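The values are calculated or read from the model by the stated rules, or taken from the named source; none is laboratory data. As the structure is a computational prediction, the values presented were derived from the model and not from experiment. All Cβ positions, even for glycine, are placed from backbone atoms using ideal geometry, and neighbour counts span all protein chains on display. Ligands, DNA and RNA are stripped out before the accessible areas are found, and what is left, the full protein with its side chains, is counted by its heavy atoms. Shrake-Rupley method; radii C 1.70, N 1.55, O 1.52, S 1.80 Å.
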Amino acid sequence: GQQLNQSPQSMFIQEGEDVSMNCTSSSIFNTWLWYKQEPGEGPVLLIALYKAGELTSNGRLTAQFGITRKDSFLNISASIPSDVGIYFCAALFLNAGKSTFGDGTTLTVKP
Amino acid sequence: DTGVSQDPRHKITKRGQNVTFRCDPISEHNRLYWYRQTLGQGPEFLTYFQNEAQLEKSRLLSDRFSAERPKGSFSTLEIQRTEQGDSAMYLCASSLGPPDQETQYFGPGTRLLVL
């Protein structure tokens, strides 16, 4: 089946640093989504991308839908301790219903 | 709170018992999804409904699993004769929107532990 390769698997950074993570696939998708999940909770939607090449920001977060439609990246600028969590990419085909998820990037921010 | 809600949040059961989870989607969302998540992995799709119709089921959904959405609003996921391998977080999500702008919003999940 379709798989998303998400990297890096984990990151340990200092407060104030910028962060970049990405997802790649061998398949072409119509939608890319980025979620954040904290322990014991469900994923919370951060950014949704619907068009190839689209660049969207949500506060300190910026995500892009790759021009080939096979990848996406998420950047976090000026990280703060509350950015700690697991970040997941997800992608969908048009009319497919289900999302395919990456295995997450665990972010640790040291004050 | 108008988000997706799930009940219970936690469930501990003995192997062989049946369990049922409930999901209440965001009001007026016509699509509802069930996912399963194990530690260190992303959510894996189980099944989804458009209104009351179950449109797709993953091969992960063995015959011990059944999901319903009888009135097109809340949904239930039942696991019969639970096994230790069923231990996981069960997530529900809902969405509304045109197919080219599908955005799924997740509930807090039900964490199942099978002893």
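Divide the volume of the convex hull of the Cα atoms of segment A:25-90 by its number of residues and quote the answer in cubic angstrom per residue.
On the way: hull volume 5.5 nm³, N = 66.
Once divided by residue count, the hull of segment A:25-90 is 83 Å³.
Summed for both chains, how many Å² of accessible area, to the nearest 100, are buried between A and B with a 1.4 Å probe?
Rounded to the nearest hundred, the buried surface is 1800 Å².
Please arrange A:Lys98, B:Lys71 by accessible surface area, largest first, computed with a 1.4 Å probe and ligands excluded.
B:Lys71, A:Lys98
Can you find, among A:Ala96, A:Tyr35, A:Gln64, the residue sitting farthest towards the positive end of the charge dipole of segment A:3-111, where Lys and Arg contribute +1 and Asp and Glu -1 at Cβ?
A:Ala96
Rolling a 1.4 Å sphere over the protein heavy atoms, what is the accessible area per residue of the protein assembly as shown, to the nearest Å²?
Heavy-atom accessible area per residue stands at 49 Å².
Select from A:Asn22, A:Asn30, A:Asn58 the residue whose mean-square fluctuation is largest in a Gaussian network model of chain A (Cα-Cα springs shorter than 10 Å).
Result: A:Asn58 has the largest fluctuation of those listed.
Per residue of segment B:107-115, in order, report the coupling 6.51 cos²θ - 1.76 cosθ + 1.60 (Karplus, θ = phi - 60°) as ³J(HN,Hα) in whole Hz, putting x for Gly and Pro.
Taking θ as phi minus 60°, the curve returns x, x, x, 10, 8, 9, 10, 9, 8 Hz for segment B:107-115.
For an R0 of 41 angstrom, estimate the FRET efficiency from the Cβ-Cβ distance between B:Ser5 and A:Ser20 and round to the nearest 0.05.
Efficiency for this residue pair is about 0.75.
Assuming 0.36 nm per residue, please report the length gained on full extension of the stretch A:Ile13 to A:Thr62 beyond their Cα-Cα distance.
Taking 0.36 nm per residue and subtracting the Cα distance, the gain is 15.9 nm.
Between segment B:58-104 and segment A:69-111, what's the alpha-carbon centroid distance in Å?
Each part reduced to its Cα centre gives a spacing of 22 Å.
At 20 °C and a viscosity of 1.002 mPa s, what translational diffusion coefficient does Stokes-Einstein give for chain B, taking Rh as the Kirkwood radius over Cα pairs? Give it in µm²/s as a whole number.
So the translational diffusion coefficient is about 152 µm²/s.
Gaussian network model of chain B, Cα springs within a sub-10 Å range: biggest mean-square fluctuation belongs to which of B:Arg69, B:Arg31, B:Arg81?
Maximum fluctuation in the GNM of chain B, among the listed residues, is at B:Arg81.
Full extension from A:Ser82 to A:Glu41: what is 0.36 nm times the residue separation minus their Cα-Cα distance, to one decimal in nm?
Taking 0.36 nm per residue and subtracting the Cα distance, the gain is 13.3 nm.
Order A:Leu94, A:Leu45, B:Leu32, most accessible first, counting only protein heavy atoms with a 1.4 angstrom probe.
My answer, sorted largest first, is A:Leu94, A:Leu45, B:Leu32.
Search the structure for amide H atoms under 5 Å from the amide H of A:Ala52, placed 1.01 Å from N in the peptide plane, and list their residues when 5 or more places away or on another chain.
none
Can you compute 3J(HN,Hα) from phi for each residue in segment A:17-29, using the Karplus curve 6.51 cos²θ - 1.76 cosθ + 1.60 with θ = phi - 60°, rounded to whole Hz and x for Gly and Pro?
Along segment A:17-29, the couplings run 6, 8, 10, 9, 9, 8, 10, 10, 8, 8, 9, 9, 10 Hz.
Semi-axes of the equivalent ellipsoid for the protein assembly as shown, please: Cα gyration tensor eigenvalues, times 5, square-rooted, ordered largest first, whole Å.
That gives 29, 21, 15 Å for the three semi-axes.
Excluding same-chain residues fewer than 8 positions from B:Lys71, which aspartates and glutamates have a Cα within less than 16 Å of its Cα?
B:Asp24, B:Glu28, B:Glu52
If one computes the Cα centroid of segment A:1-49 and of segment B:28-51, what distance in Å separates the two points?
17
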